[in-house]
Amino acid sequence: MQASTHSLAPQWSLGGDAGRVEPAAFKVYTQRDLDRIEALARLSEAQRFEMKVVSAVLPFRVNQYVIDELIDWRRVPDDPIFQLTFPQRGMLAPAHYERVAALLRAGADKDELARVVDAVRHELNPHPADQMEMNMPRDEEGHRLDGIQHKYRETVLFFPSQGQTCHSYCTFCFRWAQFVGDKALRIASSEAAVLHNYLRTHREVTDVLFTGGDPMVMKTAHLKNYLEPLLAPEFDHIRTIRIGSKALSFWPQRFVSAEDADELIHLFERVVESGKQLAVMAHYNHWKELDTEVAQAAIRRVRGTGAVIRAQGPLIAHINDDPAVWARMWQKQVELGIVPYYMFVERDTGARNYFEVPLVRAWEIYREAMQRVSGLARTARGPSMSASPGKVEIQGVTEVAGEKVIALRFIQGRNPDWVQRPFFARYDEEATWLNHLQPAFGERKWFWEDEYAAIRDAKLAAAD
Ligand code: SF4
C-alpha cells in the first residue's frame, strides 16, 4: 500500500512556466453545438447532417480535450476515439434513421420531432437486463428507492443525481437512456440519506459502487456527502468503495488541475486511511486514452492516494475489435499500475447493431490478446455479458462428446449458487447475447432457467 503522504501540490506541468500547472478549461459540445466544432469542418455537409440525425436520438457530448488530444483527425471517420464519441449514421437502423432525417429535412416542428424521437428511443431497449423492474429495491411500504440498484447480495450500486452525466458520452453507452432528458428512463437519487439508510439495514452488503453517468463530474463537496459518512464505525461492513468513472480518459484534468482536484485527492486518501479499499473502476476502450501526459499524471495521482485503479470496458466493433488493441491496452495499463479487470460484451440496447461482435469472435479476440501479454496483464476476465440472470463469461469454444459447444460460466448470479458452475451452449457463430444461445446436448433448458423465472416473476409482481 502506498503511503498517503501525497502532496496536494500537483507535481507536474501541463504547459506554461516550468513547474506550474495550467488548469485547462472544460469546454463541452452537445448536439446543438455540432456546427461550432471546428474540427468537423473537414467533413462533408452530408456527413454532418447524418450526425445531426443520429444525435437527435442518441445522446452526444464531447469535450475539447477529446477532440484535440485523443482523436487523430487524419484517420477520421475510422479513428477509434472518433467512433467512440461522434455519432455515425449506422448507429441507427435505416428505418429509424429515415424517419428522423425526413423530419429534420422538412424542418418539422419541435413537438413532432420530439414525438418521433421518443418513439424511436423506446424501440431501442432503453433499460436492458430488466434494470428498472428487477434491480431497484423497495422500502417497507413498497416504494421504489430511486437511485439504488441491488442485484447481487454483496454489492449495491448508487446513482447520485449530480453524477448522471459524463465528461463526454460514449456512442455505445448502455446507460444512454440516462442522458436523454426522459425522466421515466432515468435512475438517480440526490438523497445521501437514502443510500446510508439502506446500507445501515443491509449488513450483507460489503461493496458500494458509485456509478452514473460518471460520479467524477460531481463537485468534490457532493462526493464527500456520500462518502464521508461511510467511514463511520456503523458502516464497518462496507469494505470496498468503488467509483465507476471514465474521467481518467475523458477528462483527466479532474484529478490534477480542476479547482477541487486537491480536495478530491485528499478525500481519496481519507477513505484509504480509514482501512477501506477504494477502487476506481476506470472505463477504457483503447490504449490511446492512456497515452497523453495528463492522463498518465492523473493515474499517478490517484494511485498515490492508495486507491486501486481497475480497468474495464466493452469489446466494440469499429473501436477495439482487434486483439492487438486489447493487448497493447492491457500491457500499458500494467505499466501504469492499473489492474486489467473486465472485457465486457456490448449490451443489447441503443446502437447495439452497429457495435456488436459475435460471442465466438469476442472470445477469439480475448484469447489472442491474452496470448500476447505477460502474466500480470492476464487478470482481465471476459468476455462477460451483464445479462439479467447474472454476469456470464464465455470461457471458450470446445468439443464435448462429439458436439461443438460454447463453454460458459456465471461470474455473478442472481443466485450465488450458480456462480462458477460451467454450462454449455450449442455452437453458434452468429449469437451476440445470452438469449440467442441454446443449451447444448439436446437439453431443453439451462440449469438455472426455472429458478431465474421464479425470481423474475416475484420481482415483477412486487414492481406492479
Ligand atoms: S462514460 Fe460510461 S456512462 Fe458515460 S457515456 Fe461512457 S459508457 Fe456511458
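Between the amide H of Ile243 and those of Phe210, Ala279, Val280, Met281, distances stay under 5 Å, these residues lying 5 or more places away or on another chain, with hydrogens modeled in the peptide plane. In the chain, taking the dipole from charged Cβ atoms about the Cα centre, the farthest positive-side position among His202, Trp287, Ala106 is held by Trp287. In this structure, the amide hydrogen of Phe344, modeled 1.01 Å from its nitrogen in the peptide plane, lies closer than 5 angstrom to those of Gly313, Leu315, Ser384, counting only residues at least 5 positions away or on a different chain. Considering region 278-425 at the alpha-carbon level, its Rg and Dmax are found to be 16.1, 54 Å. 3J(HN,Hα) along region 207-215, derived from phi through the Karplus expression 6.51 cos²θ - 1.76 cosθ + 1.60 where θ = phi - 60°, amounts to 10, 10, 10, 7, 9, x, x, 9, x Hz, with x in place of Gly and Pro.
Please return the longest stretch of the chain lacking exposed loop sites, where trypsin sites (Lys or Arg not before Pro) count only if DSSP places them in a loop and at most 15 other Cβ atoms lie within 10 Å. So the longest stretch without any such site is 240-377. Residue separation of Asp33 and Leu376 scaled by 0.36 nm, minus their Cα-Cα distance, works out to 119.2 nm of gained length. Look at where the Cα atoms of region 346-404 and of region 87-127 average out, and the two centres are 32 Å apart.
Converting phi to 3J(HN,Hα) with the Karplus coefficients 6.51, -1.76 and 1.60 and the offset θ = phi - 60°, region 81-87 yields 6, 5, 5, 6, 10, 9, x Hz in sequence order, with x at every glycine or proline. Taking amide hydrogens as placed 1.01 Å from N in the peptide plane, the amide H of Asp321 sits under 5 Å from those of Ile316, each at least 5 positions away in sequence or on another chain. Extension gain, Asp111 to His237, is 40.4 nm, computed as 0.36 nm per intervening residue step minus the present C-alpha separation. With both labels modelled 7 Å from their Cα along Cα-to-Cβ, the Lys445 to Glu123 distance reads 3.5 nm. Tell me, rounded to the nearest percent, the portion of alpha carbon pairs in the chain spaced more than 27 Å apart. Taking all Cα-Cα pairs of the chain, the fraction more than 27 Å apart is 57 percent.
Each Cα pair under 8 Å and six or more residues apart adds its sequence gap; the mean of these over the residue count of the chain is a relative contact order of 13 percent. How large, in Å, is region 28-122 by the Kirkwood hydrodynamic radius built from its alpha-carbon pairs? Every distinct Cα pair counted, the radius reaches 13.9 Å. Annotation for region 375-464: GluC sites (Glu not before Pro) lying in DSSP loop with at most 14 further Cβ atoms inside 10 Å of their Cβ are Glu429, Glu430, Glu443.
The phi-based Karplus calculation (6.51 cos²θ - 1.76 cosθ + 1.60; θ = phi - 60°) puts the 3J(HN,Hα) values of region 387-395 at 9, 4, x, x, 8, 10, 9, 8, 8 Hz, whole numbers, x for Gly and Pro.
Straight-line cross-link reach from Lys276 at under 17 Å between alpha-carbon atoms covers these aspartates and glutamates, not counting any fewer than eight positions away in the same chain: Glu154, Glu204, Asp207, Glu228, Glu234, Asp236. With a cut-off of 9 Å between beta carbons, the residues surrounding Arg361 carry a summed charge of -3, where Lys and Arg count +1 and Asp and Glu -1. Distance from the alpha carbon centroid of region 283-312 to that of region 22-85 works out to 23 angstrom. Projecting label points 7 angstrom from Cα along Cα→Cβ for Arg74 and Glu335 puts them 2.1 nm apart.
No value in this document is a laboratory result; all are computed from the given coordinates. Owing to the predicted nature of the structure, the values given are computational and were not obtained by experimental measurement. Note: ideal-geometry Cβ built from the backbone for every residue, glycine included; neighbour counts use all protein chains shown.
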